[in-house]
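The block underneath contains the structure these notes are about, expressed in structure tokens.
The values are calculated or read from the model by the stated rules, or taken from the named source; none is laboratory data. The structure presented is a predicted model; accordingly, all values stated were derived computationally and were not measured. Every residue, glycine as well, gets a Cβ built from its backbone with ideal geometry; the counts of neighbours run over all protein chains shown.
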Amino acid sequence: MEEVTKNTSTSKTGPKPKRLKEGRYLGIEVGRGENKKIIDPIEVEKLASLGMKNSEIAEWFEIDDSTLNYNFKQYITKGKLNLIRSLRQAQIQTALNGNPALLIWLGRNLLGQSENPNSNDNNQILPYSDDDSSIIEEDIKDAEDV
């Protein structure tokens, strides 16, 4: 039998694959010993602004939830506020582009509008209980005496 040999030359066609290089960047140092990591707080903020839960962000960086909450609370809060702001902005833009359902919903929630214009506090029946009847009778007697 004839032995088949493959061409195992070390020359390669095309570009070489990229390799990770060590570098310096700013971040907050968390963990101890071999578990010590430097995490960029801007990345935490970006992940929070995408709507990720705290546990998901902690898993992403391979740190404990409590470590994330202790060290990055302000960045998580800012990211979540950015998410809320951008969603509100998108809703308002969609409503202004003519979406009637969203116009009604925003009118009710932001402006306090309702379908029944008579449902304000001035038109509601006052609460009454039997305990108040003696007070009313006294008021009637006082009015008669005058």
Output for the range 53-79, where each listed residue is hydroxyl-bearing (Ser, Thr, Tyr) and either crowded, with 16+ Cβ neighbours inside 10 Å or over 17 Å from Gly31 (Cα atoms) (or both): Thr67, Tyr75, Thr77
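What helices (runs of 4 or more DSSP H) lie completely within the range 39-146 and have 1 or more residues being of a type in the set (Val, Ile, Thr) and modelled with pLDDT of 95 or more?
Correct list: 41-49, 54-61, 65-96.
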Within the range 32-52, tally of residues that are surrounded by fewer than 16 Cβ atoms within 10 Å (Cβ to Cβ), among the small types (Gly, Ala, Ser) and under 18 Å from Ile76 (Cβ atoms): 1
